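Data first, discussion second: the structure below is written as structure tokens.
The values are calculated or read from the model by the stated rules, or taken from the named source; none is laboratory data. All values reported here derive from a predicted model rather than from experimental measurement. Every residue, glycine as well, gets a Cβ built from its backbone with ideal geometry; the counts of neighbours run over all protein chains shown.
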Amino acid sequence: MTKIPDIIKKAHKKAIQVRDNSYSPYSKFKVGAAIVTSQKNIYTGTNVENASYGGTVCAERVAIFEAVKNSEKKILEVVVVTDAKKATPPCGFCRQVIAEFMSSKTRIWLANTKEILECYKAEDLLPKAFTPKDLK
């Protein structure tokens, strides 16, 4: 795996911390996420489940929405944290939302609460993504 930059180590710690705030009474699967923007700011999110299931929002999207709320729309890095031993990638819905704000250099770091396990280019996890360019 690629050498882990300091900002990713910091984002990993923040994702671990916010994961504790997960509202996941149905799945019992807590997820924390941290987004690093082009301005080098870190925004975090955790999953929020809903009894209607369709109202559930994943940690990655919560973090992205937080960045957008703060006028940041360029994602450089995404860190996803669970307590699973095996790396857990973002769901398809989250991959599509990541695609909206990613560049060709955006990386997705998959981690658990102890360590970062894997790293992928976002475009490798969602090849041929539908993006704003497709609307032109």
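Only one of these is within 20 Å of LYS10 (Cβ to Cβ) and part of a loop (DSSP other than H, G, I, E, B): ALA51, ALA87. Name it. Going through ALA51, ALA87 in turn, just one is within 20 Å of LYS10 (Cβ to Cβ) and part of a loop (DSSP other than H, G, I, E, B): ALA87. Assuming LYS73 fulfils every condition listed in (1) assigned to a strand (DSSP E or B); (2) touching a helix residue (DSSP H, G or I) at 6+ places or on another chain (Cβ under 6 Å) apart from one, which condition is it? LYS73 satisfies all of (1) assigned to a strand (DSSP E or B); (2) touching a helix residue (DSSP H, G or I) at 6+ places or on another chain (Cβ under 6 Å) except (1).
If the condition is being within 15 Å of ASN112 (Cβ to Cβ) and either outside any loop (DSSP other than H, G, I, E, B) or out of contact with any helix residue (DSSP H, G or I) (no Cβ under 6 Å at 6 or more places or on another chain) (or both), then segment 15-45 contributes ALA15, ILE16, GLN17, VAL18, ARG19, ASP20, SER22, PHE29, GLY32, ALA33, ALA34. Please work out if GLY55 is closer than 25 Å to THR131 by Cα and exposed (fewer than 15 other Cβ atoms within 10 Å of the Cβ). So GLY55 passes the test. When ARG107, ARG95 are checked against the criterion of being at pLDDT 95 or above, basic (Lys, Arg) and out of contact with any strand residue (DSSP E or B) (no Cβ under 6 Å at 6 or more places or on another chain), ARG95 stands alone in meeting it. For segment 108-127, the tally of residues that are surrounded by 21 or more Cβ atoms within 10 Å (Cβ to Cβ), assigned to a strand (DSSP E or B) and not β-branched (Val, Ile, Thr) stands at 3. Screening segment 15-31 for residues that are crowded, with 21+ Cβ neighbours inside 10 Å and touching a residue at least 60 places away in the same chain (Cβ under 8 Å) and picking the one that is farthest from VAL78 (Cα to Cα) gives ARG19.
Kindly indicate whether VAL62 is assigned to a helix (DSSP H, G or I), at pLDDT 95 or above and in contact with a Gly (Cβ under 7 Å, 6 or more places away or on another chain). In short, yes. Looking only at residues of segment 58-73 that are loosely packed, with under 14 Cβ neighbours inside 10 Å and not hydroxyl-bearing (Ser, Thr, Tyr), we find that the one that is nearest to ALA122 (Cα to Cα) is LYS73. Screening ILE4 with (1) free of Cβ contacts under 8 Å to residues at least 60 places away in the same chain; (2) part of a loop (DSSP other than H, G, I, E, B) gives one miss only, at (1).
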